[in-house]
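**Student:** Starting off with a structure, shown below.
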Amino acid sequence: MARIKYYYDTETCRYERAKITKSDVILNFLGFLAVALVMSVTMVVIYNTYFESPTEAKLKKENKELRKHYKVLQSELTEVEDVITALNERDNNIYRKIYEAEPLPASVLNAGHGGAVEYKNIIEKGLRDTKLVAGMSNQIDKIKRKASIVNQSFDEIMALAKENEELLAAIPAIQPIHNPNYTKLASGFGNRINPFHKARVKHEGLDYAAPRGTEVYATGNGKVKFVKINSYLETGYGNYIEIDHGFGYVTRYAHLNSVSVNVGDVIKRGQVIGKVGSTGGSSAPHLHYEVIKNGKKIDPINFVINGLNNRDYVKLTELAARENQSFD
């Protein structure tokens, strides 16, 4: 039952029954609708602000996964670019110097290309992560271009190598001990901490930590130039061997426990020439290995060519670059 409403009439000083017209009903209904609409809009805004719809939650999860994969891909692209850069340095510092070819200038390897115009189709799509997508596309294009240039350079070097087979066989191009996992490379070329007086001095070779008696290999074809044995009580290199490879290259293998070659012996790459020891100025069993070119000691890591793929070579150079304590 509807409630009966009264109002006080000031003229008659009596309560009179209120009469409800159609316009009053319509206005009341419209007012109710307005309040309901405002409340509905408010509820929707609050819900969208503080709560996610299933679709939004799914999209956010997908975006999070995509960004995670993007970071992994970005890291891999950077690693690939580092490998190509290392290969180019190796190409310039070793291969091209060996075969007396002109080095590739950095301006050629890092030459620009079409720029932003190439990614216009990506930008015009209006994607939220346009810069991210265009940036990665640009990085991929740079890597492709660098890889193509380095590949062409290697083709040129291979052609030169075929014309210089004797030189190629003489270059000290393998590791001097069996080291498939690279764990035996203990210290590299450059400034290192001396194990005896703890001063930072130049270490002019590679130290391979290995058990006493481990076989040592000649790293290139050549002739035994010098052998020193029975030097267990001396400082310095201890028992060591020098091999003359010709073309200005000499390699030295120091702190040996035993020697299995004599002066004048003709040596082939991979031939066993002695065994690891700890003679002379050595703090533990290891092989100290040097490469000498035209009387100057140079970093042997640049000559480890055979038996390594590009990724493994980069790993080996990273190990050699650590500024740690040498064994001698």
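The values are calculated or read from the model by the stated rules, or taken from the named source; none is laboratory data. Just so we're clear, the structure is a prediction, and the values are computed from it rather than from any experiment. Neighbour counts are summed over all protein chains in view; Cβ atoms, including those assigned to glycine, are modelled from backbone coordinates with ideal geometry. We work out accessible area using only protein heavy atoms, side chains counted, and drop any ligands, DNA or RNA first. Shrake-Rupley method; radii C 1.70, N 1.55, O 1.52, S 1.80 Å.
**Student:** Between residue 296 and residue 247, how high is the FRET efficiency from 1/(1 + (r/R0)^6) when r is the Cβ-Cβ distance and R₀ = 22 Å? Nearest 0.05.
**Tutor:** Using R0 = 22 Å, I get an efficiency of 0.95.
**Student:** Pop out the ³J(HN,Hα) list for the stretch 236-244 in order, Karplus 6.51 cos²θ - 1.76 cosθ + 1.60 with θ = phi - 60°, rounded to Hz; leave Gly and Pro as x.
**Tutor:** Coupling constants for the stretch 236-244: x, 6, x, 6, 8, 10, 10, 10, 8 Hz.
**Student:** Between residue 322 and residue 71, what is the label-point separation in nm under the 7 Å Cα-to-beta-carbon projection?
**Tutor:** 2.6 nm
**Student:** Order these peptides, 41-49, 254-262, 281-289, by their mean beta-carbon neighbour count within 10 angstrom, highest first.
**Tutor:** 281-289, 254-262, 41-49
**Student:** For the stretch 36-82, what is the accessible area per residue in Å², given a 1.4 Å probe and the full set of protein chains?
**Tutor:** 90 Å²
**Student:** At a Förster radius of 35 Å, what calculated FRET efficiency corresponds to the Cβ-Cβ distance of residue 46 and residue 136, to the nearest 0.05?
**Tutor:** For residue 46 and residue 136, the calculated efficiency is 0.35.
**Student:** Another question, then. Restrict the search to the stretch 213-280; then list the trypsin sites (Lys or Arg not before Pro) that DSSP places in a loop and that have at most 16 other Cβ atoms within 10 Å of their Cβ.
**Tutor:** 268
**Student:** Another one. If r is the Cβ-Cβ distance from residue 78 to residue 148 and R0 is 25 Å, what FRET efficiency results, to the nearest 0.05?
**Tutor:** Efficiency, rounded to the nearest 0.05: 0.85.
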